[in-house]
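The block underneath contains the structure these notes are about, expressed in structure tokens.
The values are calculated or read from the model by the stated rules, or taken from the named source; none is laboratory data. Since the model is a prediction, treat every value here as computed from it, not as a measurement. Cβ atoms come from the backbone with ideal geometry, glycine included; neighbour counts cover every protein chain shown. Protein only, heavy atoms only, side chains kept; ligands, DNA and RNA dropped before computing areas. Shrake-Rupley method; radii C 1.70, N 1.55, O 1.52, S 1.80 Å.
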Amino acid sequence: GGRDDRQGGGGGRPRNPRPEERRYDVGGTSEAPKKGRGAAARGGAKGGPKAPQGGTPPRRGPHGQRQAPARSRELDAKIEQRNRDRYADRPEIKTPKTFPGAEQEGERLQKVLARAGMGSRRACEELIEQARVEVNGEIVLEQGKRVDPEKDEIKVDGLTVATQSYLFFALNKPAGVVSTMEDPDGRQCLGDYVTNRETRLFHVGRLDTETEGIILLTNHGELAHRLTHPKYGVKKTYLAAITGPLPREVGKRLKDGIQLEDGYARADHFRVVEQTGKNYLVEVTLHEGRKHIVRRMLAEAGFPVEKLVRTAFGPIALGDQKSGWLRRLTNTEVGMLMKEVGM
């Protein structure tokens with residue numbers, strides 16, 4: 001008396017066959033289920049795939065879908081080579097540039113600024129958004145403006161950006177170094193500090209052999225010319241060690257002018273920086289560039305110079321740069337130099 005016997009025996013309800021016992025005869029008269037998706041959907045004779053007789057069944061994926069038979073690597077290589085040979089002789093097709101302004105010449109402004117060292121492209125775009133960039137005297141507000149770095153004048157915050165391949169360096173010249181790029185007598189010179197540069201550099205002005213301090217090196221001829229020309233009056237600042245006592249009127253006398261063998265020489269500024277007994281450290285600022293001008297002025301005033309250091313050339317200060325060290329000027333410093341001489 002099992003459960004199956006109770007359902008299927010003794011004139012009761014006919015027992016429903018279990019799923020694994022069901023048969024679906026196609027073409028016969030046996031009963032087929034009337035509900036559901038049909039025989040084809042359940043893998044019957046009409047829709048279901050048939051396994052080949054005597055062969056392996058088709059490959060199936062994880063969800064039952066059929067998969068194409070795997071190709072060998074040799075066949076893939078042959079197909080790839082055939083495709084390459086098919087398109088080898090065809091001319092290269094240049095797709096049209098569809099972005100705005102593609103038909104214009106020049107480079108994008110933010111790209112030029114980034115290459116000049118003003119920051120990343122995103123940072124340069126922010127400079128444009130903040131209305132801090134001008135091209136040929138006009139402030140640029142739109143992104144993607146195209147410029148010619150060789151012809152257009154580009155400024156950031158009013159300072160010219162050196163977009164061309166110019167180099168600008170500041171050297172703290174030690175005492176005993178000759179202010180020339182080459183010395184026929186074999187003495188140590190400025191060129192010894194830039195021997196590894198492919199671009200030829202030249203010095204801006206001179207310093208006496210025994211005078212220390214800042215001297216500029218560049219390959220920008222026009223800027224170097226203006227920085228040394230008396231017309232533009234670029235100021236230079238010096239620290240001089242002298243021996244006193246130092247009268248109060250010496251500063252006024254230097255500012256009013258001292259007669260030298262080649263004419264009057266006037267200081268733009270004079271002050272005492274430090275005093276230790278009879279030893280004085282004084283600061284002298286002037287815009288002239290005659291030979292030994294500071295030493296001759298102080299000697300004529302009665303105070304021979306024991307040591308002389310140039311601490312600033314225009315807006316470029318020596319700061320804490322060590323003796324004999326060479327550093328590259330920043331873009332801001334280059335712009336300040338150009339502004340000093342009207343470039």
Checklist entry - Here are some conditions: (1) open to solvent by 10 Å² or more (accessible area, probe 1.4 Å); (2) in contact with a Leu (Cβ under 9 Å, 6 or more places away or on another chain). His229 meets all but one. Which one does it not meet? => result (2)
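Results for (1) assigned to a helix (DSSP H, G or I); (2) small (Gly, Ala, Ser); (3) open to solvent by 20 Å² or more (accessible area, probe 1.4 Å), shown as yes or no for each residue.
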residue	(1), (2), (3)
Val309	no, no, yes
Ala312	no, yes, no
Ser323	no, yes, yes
Met336	yes, no, yes
Checklist outcome for this item: Residue hits (the range 124-164; under 20 Å from Val341 (Cα atoms) and not in a strand (DSSP E or B)) are Asn136, Gly137, Glu150, Lys151, Asp152, Glu153, Asp157, Gly158, Val161, Ala162, Thr163, Gln164
Checklist entry - Does Arg290 meet the test of being surrounded by fewer than 17 Cβ atoms within 10 Å (Cβ to Cβ) and touching a residue at least 24 places away in the same chain (Cβ under 8 Å)? => result yes
Checklist entry - Within the range 128-146, is even one residue in contact (Cβ under 8 Å) with a residue 60 or more places away in the chain and not hydroxyl-bearing (Ser, Thr, Tyr)? => result no
Checklist entry - If you check Gln143, Gln188, Gln164, which single one turns out to be at pLDDT below 85 and open to solvent by 70 Å² or more (accessible area, probe 1.4 Å)? => result Gln143
Checklist entry - Applying the selection to the range 233-248, what residues are under 16 Å from Glu300 (Cβ atoms) and surrounded by 14 or more Cβ atoms within 10 Å (Cβ to Cβ)? => result Tyr238, Ala240, Ile242, Leu246
